[in-house]
Amino acid sequence: MALSGTGLFTPAQSITNDELVASFNEYVRRHNDAHAQAIEAGTMQPLAASSTDFILKASGIGNRYVMDKDGILDPDVMCPRLPERGNSEISILAEMAVAAARDALKAADRKPEDIDGVLVAASNMQRAYPAMAIEVQEALSIEGFAFDMNVACSSATFGLQAAADMVRAGNARAILVCNPEICSGHLNFRDRDSHFIFGDVATAFVVERADTVQGGNAWEIVSTKLKTKFSNNIRNNFGFLNRTAPEGIGKPDKLFVQEGRKVFKEVVPMVAEMLVAHLAENGVAPASLKRLWLHQANINMNDLIARKVLGRDPEPGEAPNILKEYANTSSAGSVIAFHKYNRDMKAGDIGLLCSFGAGYSAGSVILRKLH
Ligand code: COA
């Protein structure tokens, strides 16, 4: 099996930490002014300001691309404004997926008629149905089948294994996997603990048999390994049954919520152990790894995982980080890191692509450069 091409769509607008913090702090100032009496009387706690220094140090995030900057930065709105589209228009998530998919098809030197299946593997669905994947299929004139799947931040690696299994079983010659993420849509920009975490982006890749690849930068999928373990520490209770309990509509738990410290403490050992075991099962010595394309949520987390896997500090560029520019882009993060940082590698070089996130979920993919 092979990963024969990747693609990336980056939104035109972006927000620096300074811009985001200025908007958040203006919201805090207005809120505290409006509740000055209650705060003075001690019946309400004032909101605390956010800080650029904290964000960069705690997460490694310096910037994020977004689909609507104005809505997010308006202290009265603090949410992207993405107008509804008519049913005859392509949805915004499918449009982003198509842009990344065209890039991936070109890199794989594949035409829509070479693809038999489309997966949209992402953290948030555009709607209940029809599937975004079927929109992408329609927009690209691909025959065959398409469906959406959601494994939160691990959607891309789970999608990669699903695609590889279907191609291996002979159910498709090649599969296009897309990961469109408008994370700003599920982010609570009024929550100081997490308002800086996410950005928007889309990635895509093509999976096909190793003996059929045509593209100039193809990677053998040596092995994949997936793991899930239930946790409430990253959660989003948004769903179609919300209307059956109207008292909960609009509450913060209908957006992304996490216990960041607990996630850090629990996920680092879980992922490091999984990666080490996966390499051992495949007879790959950690010392022979040329690159780690880890999930992009927190730079300190990644440094720790890389250290545990390699048994030493990673050299600069060995575990590339795109957080400073893109922030956490959920399922797309490690695919962006792979897309941007693999061109210098040589035939036979081995790297590890990895995701982790809500569920908990984690995915590990060992890749060997074909030519
Ligand atoms: N600006 C300034 N200070 C802030 C702040 C902000 N925006 N947010 C929190 N703080 C303060 C806290 O109040 C706390 O102050 P205290 O020590 O006086 O109580 C201090 O900074 C530390 O807060 P904490 O939340 O413990 O920070 P952290 O070092 O754990 O970093 C995360 C927070 C979210 C960056 C980090 O926990 C993380 O990335 N965890 C993993 C999350 C993850 O991977 N999630 C997966 C999502 S898919």
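The values are calculated or read from the model by the stated rules, or taken from the named source; none is laboratory data. Please read these numbers as outputs of a predicted model, since none were measured by experiment. In this analysis, Cβ positions are derived from the backbone assuming ideal geometry, glycine residues included, and neighbour counts consider all displayed protein chains. SASA here: full protein model, heavy atoms, side chains in, ligands and nucleic acids out. Shrake-Rupley method; radii C 1.70, N 1.55, O 1.52, S 1.80 Å.
Data for the structure
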quantity: Percent accessible area from carbon and sulfur atoms, the range 23-144, protein chains only, probe 1.4 Å; calculated: 50 percent
quantity: The range 142-201 - percent relative contact order, Cα under 8 Å, separation 6 or more; calculated: 23 percent
quantity: Selected from Glu281, Glu220, Glu318 as most flexible by GNM, with the chain as the system and alpha-carbon contacts under 10 Å; calculated: Glu281
quantity: Whole-Hz ³J(HN,Hα) from phi, Karplus 6.51 cos²θ - 1.76 cosθ + 1.60, for the range 181-196, glycine and proline x; calculated: 9, 9, 5, 5, x, 10, 8, 7, 6, 9, 9, 4, 5, 9, 5, 9
quantity: Ordering of 268-275, 237-244 by packing [mean C-beta count within 10 Å, highest first]; calculated: 268-275, 237-244
quantity: Average accessible area per residue (Å²) across the range 23-155 - probe 1.4 Å, nucleic acids and ligands excluded; calculated: 52 Å²
quantity: Accessible surface ranking that places the most exposed of Val206, Val213 first, with a 1.4 angstrom probe; calculated: Val213, Val206
quantity: Gaussian network model of the chain, Cα within-10 Å springs - most flexible of Ala319, Ala156, Ala280; calculated: Ala280
quantity: Arg30 - accessible surface, heavy atoms, 1.4 Å probe, Å² rounded to 10; calculated: 100 Å²
quantity: Taking the chain and dividing mean pair separation by its residue count, relative contact order in percent (alpha carbons under 8 Å, at least six apart); calculated: 23 percent
quantity: Accessible area per residue in Å² at 1.4 Å probe, computed on the range 219-369; calculated: 47 Å²
quantity: Gaussian network model of the chain, Cα within-10 Å springs - most flexible of Ser184, Ser141, Ser334; calculated: Ser141
quantity: Relative contact order for the range 219-369, counting Cα pairs under 8 Å that sit 6 or more residues apart, in percent; calculated: 35 percent
quantity: In the range 219-369, lysine pairs with alpha-carbon atoms under 17 angstrom apart (chain gap of 8 or more, or interchain); calculated: 10
quantity: Simple label model, 7 Å out from Cα along Cβ direction - Arg85 to Lys346, nm; calculated: 4.5 nm
quantity: Portion, in percent, of the accessible area of the range 219-369 that falls on carbon or sulfur, probe 1.4 Å; calculated: 54 percent
